[in-house]
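Read through the structure below, which is laid out as structure tokens, and then see the notes.
The values are calculated or read from the model by the stated rules, or taken from the named source; none is laboratory data. Treat the numbers as computed from the prediction; the structure is a model and nothing was measured. Using ideal geometry, Cβ is built from the backbone for each residue, glycine included, and neighbour counts are taken over all protein chains shown. To get the accessible areas, we keep the full protein, side chains included, count just its heavy atoms, and leave off ligands, DNA and RNA. Shrake-Rupley method; radii C 1.70, N 1.55, O 1.52, S 1.80 Å.
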Amino acid sequence: AQSVAQPEDQVNVAEGNPLTVKCTYSVSGNPYLFWYVQYPNRGLQFLLKYITGDNLVKGSYGFEAEFNKSQTSFHLKKPSALVSDSALYFCAVRDSPLKAAGNKLTFGGGTRVLVKP
Amino acid sequence: DGGITQSPKYLFRKEGQNVTLSCEQNLNHDAMYWYRQDPGQGLRLIYYSQIVNDFQKGDIAEGYSVSREKKESFPLTVTSAQKNPTAFYLCASSISLFEYYEQYFGPGTRLTVT
């Protein structure tokens, strides 16, 4: 079975400082990994994904994530955080298509990011 | 929130009543999904559909029902059998069910049952 963990419920960072949101995963095959962001009372917005290739993935709004197979991690990063980055961030994983039926994503519990001015 | 609409944004119902949440997409996506989100928890999959007139149970389907009569529409009915229906419900779609495409989410419906 596939699973994903976000070990931090909340991350606090000062505006302008680097932001990191941690994610670790477990799958039986090759992972497909996704990051989404959710603003209050809104749906989720796709940020980026890792399917294959370069371990550093660049996404929307200046975010990037690094896939580390040996550590089974996919941490989300932003070099310089903005107050407007304050939101709830979800990591999600899906097993490779040969192993799993359908595009069933498993989501982590979410990490709340608070960027202070 | 892309081309997915959910209505209404807020919904209030009395216990024992069935209620239907609307989800419409104009992205021409084949696959559609319903998730439930509770405070402090991640999203849990209720139902998903690969194609018209076909749908599968997700991880927490008990007390819910769906239909997929049109490609654009995937309504969710929360029945009186659902023991704890108060939650934030999210509809999503993707190009295909069997590939690695990202899912696009609607703005959500917050259901309160008293």
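Which of the residues spanning the range B:30-53 are surrounded by fewer than 21 Cβ atoms within 10 Å (Cβ to Cβ), in a strand (DSSP E or B) and within 11 Å of chain A (Cβ to nearest Cβ)? Residues satisfying the conditions are B:Arg44, B:Gln50. Looking only at residues in the range B:86-114 that are β-branched (Val, Ile, Thr) and within 14 Å of another protein chain (Cβ to nearest Cβ), the one that is nearest to B:Gln6 (Cα to Cα) is B:Thr109.
Beta carbons closer than 6 Å, at least 6 apart along the sequence or on distinct chains, pair a first residue in the range B:9-33 that is within 15 Å of B:Arg110 (Cα to Cα) with a second that is among the basic types (Lys, Arg) for B:Tyr10/B:Arg110; B:Val19/B:Arg13. Of all residues in the range A:47-63, those satisfying the criterion of being among the hydrophobic types (A, V, I, L, M, F, W, C) and outside any loop (DSSP other than H, G, I, E, B) are A:Leu47, A:Leu48, A:Leu56, A:Val57. For the range A:1-31, the set of residues classified as open to solvent by 20 Å² or more (accessible area, probe 1.4 Å), hydrophobic (A, V, I, L, M, F, W, C) and closer than 19 Å to A:Asn68 by Cα consists of A:Val4, A:Ala5, A:Val27, listed by residue number. Within the set B:Lys57, B:Lys9, B:Lys71, B:Lys83, the sole residue that is of a type in the set (Lys, Arg), touching a strand residue (DSSP E or B) at 6+ places or on another chain (Cβ under 9 Å) and away from every other protein chain (no Cβ under 13 Å) turns out to be B:Lys71. Within the range A:55-71, residues that are touching a residue at least 40 places away in the same chain (Cβ under 8 Å) reach no partner that is part of a helix (DSSP H, G or I) and loosely packed, with under 12 Cβ neighbours inside 10 Å with beta carbons closer than 6 Å at six or more positions or on different chains.
From A:Lys22, A:Lys77, A:Lys99, grab the single residue that is over 21 Å from B:Gln41 (Cα atoms) and at pLDDT 95 or above.
Numbers: A:Lys22 fails: over 21 Å from B:Gln41 (Cα atoms); A:Lys99 fails: at pLDDT 95 or above.
Just a single option satisfies the conditions, and that option is A:Lys77.
Considering each residue of the range B:66-96, count those that are closer than 18 Å to A:Gly43 by Cβ, open to solvent by 30 Å² or more (accessible area, probe 1.4 Å) and either assigned to a strand (DSSP E or B) or at pLDDT 95 or above (or both), and give that number. Here the count works out to 2. When A:Ile51 is tested against the conditions (1) open to solvent by less than 30 Å² (accessible area, probe 1.4 Å); (2) closer than 14 Å to B:Tyr100 by Cβ; (3) not basic (Lys, Arg), the lone failure is (1).
Candidates are the residues of the range A:32-44 that are at pLDDT below 90 and farther than 13 Å from B:Leu43 by Cβ; the one that is least open to solvent (accessible area, probe 1.4 Å) is A:Asn41. When the residues of the range A:64-94 are filtered to those that are in a loop (DSSP other than H, G, I, E, B) and over 23 Å from A:Gln2 (Cβ atoms), the one that is farthest from the other protein chains (Cβ to nearest Cβ) is A:Ser80.
Quick check on this structure: which one of A:Val13, A:Val27 is within 14 Å of chain B (Cβ to nearest Cβ) and either of a type in the set (Gly, Ala, Ser) or in contact (Cβ under 8 Å) with a residue 24 or more places away in the chain (or both)? Quick ask: steps written out before the conclusion?
Values: A:Val13 fails: within 14 Å of chain B (Cβ to nearest Cβ).
Of the residues listed, the single one that is within 14 Å of chain B (Cβ to nearest Cβ) and either of a type in the set (Gly, Ala, Ser) or in contact (Cβ under 8 Å) with a residue 24 or more places away in the chain (or both) is A:Val27.
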